[in-house]
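Have a look at the structure below, then the notes.
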Amino acid sequence: MRRVFKTFAFAAAVAVAACSGKPGYVITGTVETGADGDMVFLQERQGWNFVNLDTAVVSAGQFTFEGVQELPKNVYLSCKTAENNVLRTDFFLENGKLTVELKKENPSVKGTAVNDAYQAVKDQIAEVYPKMRELSMAARQEGLSEGQRDSIYAEYEKLDNRMSEINLNAAKANITNAVGVHLLKSIYYGLKVDELDALLSQVPESFKSDETVVKIQKYANALKTTAVGQKFVDFTMKDLEGKDVKLSDYVGKGKVVVVDFWASWCGPCRAGMPALKELYKKYKGDKFEIVGVSLDKEEAAWKKGIEDLGINWPHMSDLKYWDCEGAQLYGVNAIPHLVVMDKDGVIAARNIHGAELEAKVKELIAK
């Protein structure tokens, strides 16, 4: 049941904010299938965990949060109802009056410019995501022909592209506020350098010291430094014997070199190794080399992966997982990722595979 928030309670909240000398926030909301006594949690996400910031109790069909927030901050509201449903939605905690409908489908948070802009994006996503979910379930059905499954995948890809378009357009439209910065953090890895530069140049000063924004700027710089046509960037790691080895021990010495960023735990990396082995068998010698740069974090797993896969080209790793120095320097945020260097150590291609990779290697060797 929804009931109108009592006037005196709101007036009291405003008075508290006034006494503090700062305008505050008042969040009022309802919970679908909620009952009096249910707990609503105001939370922030730290990694995979949700950490409680504040709690409220549903009373007379509503819940209320009050406080003061310096800068808009992406947070969550969640409630576990008697039906054992966990209802959760994210929004931006900022000063002002916010109205919440916490429900299973299409929850909403409105009332401030930032949250209204974010809700508009979420409403667009809500039109696409359920269709993607249906297609994902349909693709897992038994008895589908290859053609039927390919058709489902093709339709899913269209929707996935639409989802990317929604997020990118919203990031561009809102990059001078918290919504755009938040979306940039979610989509930066799929953007081109010029798109990243354009968005980063508009990020407000108040967000430029944000840990993730700093990381994105570093990533954009790495992509520019190691773009096709640039001289390779050197780094030092350990080889399989535990000795220091540099990328420059192999690159820029008259050989075409494919640097393979991979890991033993990476399924697609392992799946692609037979093709790389064939390429190595065909072209290895005085004019061609492959160097494996592993994002493993356990030495035993790294070495076992190399042995199991039978990949006998040079290998190096610092066992730092996604903090791998080489991956950071080359802006690698997904693996496998191949970087092709010509005989002089100039980057000739990035992230190519299969026939395209072989054609590039053959072309460079012939020069």
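The values are calculated or read from the model by the stated rules, or taken from the named source; none is laboratory data. Please read all numbers here as calculations on a predicted model, not as lab measurements. For neighbour counting, all protein chains shown are included, and Cβ atoms are generated from backbone atoms with ideal geometry for every residue, glycine included. Accessible surface is based on the protein model in full, side chains and every heavy atom, while ligands, DNA and RNA are left aside. Shrake-Rupley method; radii C 1.70, N 1.55, O 1.52, S 1.80 Å.
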Could you work out the relative contact order of the chain, using alpha carbon pairs under 8 angstrom and six or more residues apart, expressed as a whole percent?
-> 11
Around V256, which amide H atoms from residues at least 5 apart in sequence, or from another chain, sit under 5 Å from its own amide H, with H modelled in the peptide plane?
-> F288, E289
³J(HN,Hα) computed for each position of the stretch 125-141 - Karplus, 6.51 cos²θ - 1.76 cosθ + 1.60, integer Hz, glycine/proline x = 5, 5, 7, 9, 4, x, 5, 5, 5, 4, 5, 4, 5, 5, 5, 8, 5
Taking 7 Å along the Cα-to-C-beta vector as the label spot, tell me the E356-A300 distance in nanometres, rounded to one decimal.
-> 3.9
Cross-link reach list, aspartates and glutamates versus K104, counting only Cα pairs under 17 Å and skipping chain neighbours closer than eight places | E32, D38, E83, D90, D123, E127, E134
So what is the 222 nm mean residue ellipticity for the chain from helices alone, if each DSSP H run of at least 4 adds -39500 (n - 2.57) and you divide by all residues, rounding to the nearest 500 deg cm²/dmol?
-> -13500 deg cm²/dmol
Between E146 and E83, the two model label points (7 Å from Cα along the beta-carbon direction) sit apart by a distance in nm of 4.4
Förster-model FRET efficiency, 41 Å R0, V228 and A113, C-beta, rounded to 0.05 = 0.50
Of the convex hull enclosing the alpha-carbon atoms of the stretch 183-251, the direction-averaged projected area in nm² is 6.5
What percent do you get for the relative contact order of the stretch 114-197 when only Cα pairs under 8 Å and 6+ apart count?
-> 31
Calculated FRET efficiency, S248 and L319, Cβ-Cβ r, R0 35 Å, to nearest 0.05?
-> 0.95
Where does each of 330-337, 179-186 land if you order them by average Cβ count within 10 Å, highest first?
-> 179-186, 330-337
For the stretch 282-295, take each phi angle, set θ = phi - 60°, evaluate the Karplus expression 6.51 cos²θ - 1.76 cosθ + 1.60, and give the result in whole Hz per residue in order, putting x for glycine and proline.
-> 6, 10, 4, x, 5, 10, 8, 8, 10, 10, x, 10, 8, 9
Between their Cα atoms, which of K284/K360; K243/K362; K255/K367; K218/K320 are more than 20 Å away from each other?
-> K243/K362
Output ordering of 288-295, 341-348, 25-32, 131-138 (per-residue mean of other Cβ within 10 Å, highest first) is 288-295, 25-32, 341-348, 131-138
The chain accessible area per residue, 1.4 Å probe, protein heavy atoms, integer Å², reads 53
Would you mind pulling out the separation of the Cα centroids of the stretch 277-295 and the stretch 70-88, in Å?
-> 51
Between E70 and A138, the two model label points (7 Å from Cα along the beta-carbon direction) sit apart by a distance in nm of 5.0
In square nanometres, what is one fourth of the surface area of the convex hull spanned by the alpha carbons of the stretch 182-221?
-> 2.5
Solvent-accessible area, 1.4 Å probe, carbon plus sulfur percent, for the chain = 51
Ranked from highest to lowest mean number of other Cβ atoms within 10 Å per residue, what is the order of the peptides 87-96, 146-155?
-> 87-96, 146-155
Can you tell me how much longer the chain between E155 and T176 gets when fully stretched, taken as 0.36 nm per residue apart minus their C-alpha distance, in nm with one decimal?
-> 4.2 nm
Mind pulling the angle between the C-alpha long axis of helix 7-20 and the longest principal axis of the chain? Nearest 10 degrees, somewhere in 0 to 90.
-> 60
Projected onto the charge dipole of the chain (+1 at Lys/Arg Cβ, -1 at Asp/Glu Cβ, origin at the Cα centre), which of N177, Y250, M273 gives the Cα projection farthest towards the positive end?
-> Y250
